[in-house]
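Let me begin by presenting the structure, written as structure tokens, before commenting on it.
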Amino acid sequence: MSILNRWAHSAVMATLVAAAACVAPAAHAQQHWPDKPIRFVVPYPPGGGTDVIARIVQERFQNTLGQPIIIENRGGAAGSLGTDVVAKAPSDGYTVLFTLSSHTINPSIYPKLPFNTVKDFEPVGTVASLPQILVANNQLPVNNVAELIALAKAKPDSLSFASVGNGSPGHLAGELFKLRTGTKMTHVPYRGGGPAVTDVMGGQVPLLWVSIPAAAQFVKTGKLKALAVSTVKRSAAFPDVPTMQEAGVADFEVDSWYAMFVPAKTPKAIIDKLNAALNTIVREPDIREKLLAQGSEGVGGTPQALGKIVDAELVKWAKLAKDANIRAD
């Protein structure tokens, strides 16, 4: 072998050895994942629906994965602040986005998000789905949707409705209500369901569109009045509360879901482990009962199924935002 050939051979071998040295630790890390605590970033404050659902499954994820699950609430900008934290986190499976379906709404009303909803994340799976619920302060002189519409039309722009923030499912439900009923109301965005519920009970805002977990206990104890739910089917948790369509508002449907995502380029082996844990957990009878008590239904499914939901809803909400002229307030 000539000197030149020997040099070339040595260079190739050195490159292969270096590549193997890089691959080996990565493969080892995937094989032994998780070997330290995992962070679930909830992009809303404590007490809201997303936080409630995350805490229902937190302990079971700890038991299944064998590591502590730390819930980190990073509220603000309708979930965008916390979502950005995950988008920029290492792709090692130790930072998970536990979010609401506003994940697919925000791109339609925030033109300059600091992340790309599709390119910066890998879907893990859908945890639960549920309707939004329209609740009212007990002092508001309405007991059903028909009375609300009559009041809103008699006093245009006198009513306001709260949501967990611009781009949240509650925000879209409220704007769709205005569009379908020809009423005028002012949207009041909050940083999460907990603060919004507190202010509506206190009378600072008369109405609130929010996910059922954030309002369930207050409806059940009579501290808030439930007027309708946003889905085409009634909620199993509140079977006496009509759907908006049953209440006379045609072509009205807004579904909500809670789901898990990880940063882009997270290894498939880690995503598969997270997904397997998720599917095991949402099938457990006690978890399903706890979710149902909050008005939600355990879902599960594959990462690919969640990816299809994201793709479809990005198109759906973009159309609604255009038709209803919905923009960040």
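Being under 30 Å from R180 (Cα atoms), at pLDDT 95 or above and either of a type in the set (G, A, S) or assigned by TED's automatic domain parsing to the domain that holds A293 (or both) narrows it down to one residue among T83, T99, T64; which is it?
Result of the check over T83, T99, T64: T99.
Residues checked against (1) buried (at least 18 other Cβ atoms within 10 Å of the Cβ); (2) in a helix (DSSP H, G or I):
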residue: L274; (1), (2): yes, yes
residue: L278; (1), (2): yes, yes
residue: E289; (1), (2): no, yes
residue: L292; (1), (2): no, yes
residue: V299; (1), (2): yes, no
residue: Q304; (1), (2): no, yes
residue: G307; (1), (2): no, yes
residue: A312; (1), (2): no, yes
residue: W317; (1), (2): yes, yes
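K319 fails exactly one of the following numbered conditions: (1) more than 30 Å from P111 (Cβ to Cβ); (2) without any contact (Cβ under 8 Å) to a residue 12 or more places away in the chain. What is the number of that condition?
Among (1) more than 30 Å from P111 (Cβ to Cβ); (2) without any contact (Cβ under 8 Å) to a residue 12 or more places away in the chain, the lone unmet condition for K319 is (1).
Would you check if there is a residue in the range 117-138 being assigned to a loop (DSSP other than H, G, I, E, B), over 20 Å from V310 (Cβ atoms) and out of contact with any Cys (no Cβ under 6 Å at 6 or more places or on another chain)?
yes
Is it the case, given these coordinates, that P156 is surrounded by fewer than 24 Cβ atoms within 10 Å (Cβ to Cβ), of a type outside the set (S, T, N, Q), touching a residue at least 12 places away in the same chain (Cβ under 8 Å) and not assigned by TED's automatic domain parsing to the domain that holds G48?
Yes, satisfied.
What do you reckon, is N106 surrounded by fewer than 20 Cβ atoms within 10 Å (Cβ to Cβ) and not assigned by TED's automatic domain parsing to the domain that holds V188?
no
Taking into account only those residues within the range 257-272 that are at negative phi and either among the basic types (K, R) or free of Cβ contacts under 8 Å to residues at least 40 places away in the same chain (or both), which is surrounded by the most Cβ atoms within 10 Å (Cβ to Cβ)?
Looking at residues that are at negative phi and either among the basic types (K, R) or free of Cβ contacts under 8 Å to residues at least 40 places away in the same chain (or both), I get D272.
It is to be established whether one or more residues within the range 282-300 are polar (S, T, N, Q), closer than 22 Å to D92 by Cα and either touching a residue at least 24 places away in the same chain (Cβ under 8 Å) or not assigned by TED's automatic domain parsing to the domain that holds H103 (or both).
There is no residue in the range 282-300 that is polar (S, T, N, Q), closer than 22 Å to D92 by Cα and either touching a residue at least 24 places away in the same chain (Cβ under 8 Å) or not assigned by TED's automatic domain parsing to the domain that holds H103 (or both).
So which residues in the range 195-229 are among the polar types (S, T, N, Q) and closer than 15 Å to L140 by Cα, if there are any at all?
Correct list: Q204 only.
For I53, work out the one condition from (1) surrounded by 11 or more Cβ atoms within 10 Å (Cβ to Cβ); (2) modelled with pLDDT under 85 it doesn't fulfil.
(2)
Hey, among S102, S108, which residue is closer than 18 Å to R191 by Cβ and of a type in the set (S, T, Y)?
Within the list S102, S108, the selection yields S102.
Of (1) part of a loop (DSSP other than H, G, I, E, B); (2) of a type in the set (V, I, T); (3) assigned by TED's automatic domain parsing to the domain that holds A276, V262 satisfies all except one. Which?
For V262, the failing item is (1).
Taking the condition of being crowded, with 18+ Cβ neighbours inside 10 Å and either under 30 Å from K112 (Cα atoms) or without any contact (Cβ under 8 Å) to a residue 24 or more places away in the chain (or both), how many residues in the range 59-73 meet it?
1
Taking the condition of being in contact with a strand residue (DSSP E or B) (Cβ under 7 Å, 6 or more places away or on another chain) and more than 15 Å from P206 (Cα to Cα), how many residues in the range 140-167 meet it?
The number of residues fulfilling the criteria is 2.
Please give the number of the condition A154 fails out of (1) in contact with a helix residue (DSSP H, G or I) (Cβ under 7 Å, 6 or more places away or on another chain); (2) aliphatic (A, V, I, L, M); (3) farther than 20 Å from P107 by Cβ.
(1)
Quick check: anything in the range 207-224 under 15 Å from S163 (Cβ atoms) and free of Cβ contacts under 8 Å to residues at least 24 places away in the same chain?
Taking every residue of the range 207-224 in turn, none turns out to be under 15 Å from S163 (Cβ atoms) and free of Cβ contacts under 8 Å to residues at least 24 places away in the same chain.
Please indicate, with yes or no, whether at least one residue in the range 53-61 is assigned to a loop (DSSP other than H, G, I, E, B) and more than 18 Å from the chain's Cα centre (by Cα).
Checked against the condition, which is being assigned to a loop (DSSP other than H, G, I, E, B) and more than 18 Å from the chain's Cα centre (by Cα), the range 53-61 yields no hits at all.
The values are calculated or read from the model by the stated rules, or taken from the named source; none is laboratory data. Every value quoted in this text rests on a predicted model; they were computed, and no experiment measured them. Note that each Cβ is placed from the backbone with ideal geometry, even for glycine, and that neighbours are counted across all protein chains shown.
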